[in-house]
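Quick notes on the structure that follows.
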Amino acid sequence: MNRCDQARRLFGAYWDDEVTQAEREWLESHLAGCPTCRPQYEQFARTLETVGSLPRTDVAADLPERALVAARRATTAPDRIAVAPAKPVWIPVTATAALLLIGVSALLPWIGTPVGQRVFAHHDGRQQKMSEPYIVRTTGPAATGATAAVIDSLFDHSEDVEFVLDPVVLHRGRAQAPSRLPQGVQGEQAVISF
Amino acid sequence: MGRVAEDDERAFTELVRRFQGRVGNLISRVLNDRENVDDLAQEVFVRVFVHRRNYRRGSKFSTWVFTIAANLAKNEIRRRVRRRNWFSLDALTEVLSDSLPQLADPTESREQGLEREQLQGAVGRAIATVPEKYRLALVLRDIEGLAYEEIAEVLGLPGGTVRSRINRARGMLQRKLQPLLRKQDAP
């Protein structure tokens, strides 16, 4: 660092009268003999003199009274507008998760289990595997149509649906339960398959 | 301040009267805005009253009130930057022209008066362009005349940082005003 840089670093402290006696003497002798630093310091001092002499801003004469009124208002009213506490995020998240869980658990027996593996429970406790539905192949123009347009009636549900009527034990001559069969029809059990 | 802390309203208005000039000037110089000085100065004193019980007895009241004013000015600068409603040079010129007649030297010629007015206007504008963190330290030191230790307390910074900020601010200001000062020095 040359002497001029060193001198410039001391400008502020010199202005503030915060230099040691040795620094002051050194700087003053440098400024007296340096044609670069002397005008620079003069400019520096003039800048700060001008800053210090800027006219002061006047405030309203009734500021004390106004401030008192505002201060009274501020001490009686809450400092800030009351805001309702934000709803915790975990509540809707947990509710959604719970609903999803219920939905998934309800669909679970039907998701991922091939139809062929599903078991149909008969009324009397017997279990029977359900067969896959298949399209009834027919000859003719209908069979060559788009699959998407195939209506439900084209499926054969004969092995899928079984209606088991309540078994009614009929005794010749006198029935234990009043028969709902049409007159003249006799039987022990009626099973109708489609 | 002790009486203010005990809810003495007359003491409060007296306190405002005593410090309103310095607080208003600090805000005006930092924000370069005359129009809103009254409102902002009022806000400073409202905060003084609201937080009167937080004031530590024995500490310097001017340091406390300047801390509140400096924080409010900083918040205001940030709010204005967000709203892109930065400093109004017209307002400062108006302030300067309003205040100049009171300070004008009666022996000064019209030409000299205009020159001084020009220089003060340029200085005010130059201060407004110094970055906020340097500007606050500069205004507290070179306009309000606070000691470095007090500025450090007001800004909540170490003394060394305050000194370096003031030096940098002065350097920036000098560079900005160099052309004008050279022109004035020329015969």
Descending packing, highest mean Cβ count within 10 Å first, for B:46-58, A:37-49, A:88-100 is A:37-49, B:46-58, A:88-100
Under a 1.4 Å probe, counting only protein heavy atoms, B:Ile166 has an accessible area in Å², nearest 10, of 0
Over region B:1-87, with neighbouring protein chains present, the accessible area per residue in Å² at probe 1.4 Å is 50
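Quote the relative contact order of region B:1-87 in percent (integer), defining contacts as alpha-carbon pairs under 8 Å separated by 6+ residues.
34
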For A:51-60, B:3-12, ranked highest to lowest by mean beta-carbon neighbours within 10 Å, the order is A:51-60, B:3-12
So the FRET efficiency between A:Val89 and B:Arg18, C-beta based with R0 = 41 Å and rounded to 0.05, is 0.20
Inter-part gap, Cα centre of region A:50-64 to Cα centre of region A:1-35, in whole angstrom, is 34
The correct ranking of B:Glu117, B:Glu149, B:Glu132 by accessible area at 1.4 Å, largest first, is B:Glu149, B:Glu117, B:Glu132
Rounded to the nearest 100 Å², the accessible area buried between B and A, both sides, probe 1.4 Å, is 3700
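The values are calculated or read from the model by the stated rules, or taken from the named source; none is laboratory data. The shown structure was predicted, so the numbers you read here are calculated from the model rather than taken from an experiment. Methodologically, a virtual Cβ is constructed for each residue, glycine included, from the backbone with ideal geometry; neighbour enumeration extends over all protein chains shown. Note: accessible area is taken over every heavy atom of the protein model, side chains too, but ligands, DNA and RNA are not part of it. Shrake-Rupley method; radii C 1.70, N 1.55, O 1.52, S 1.80 Å.
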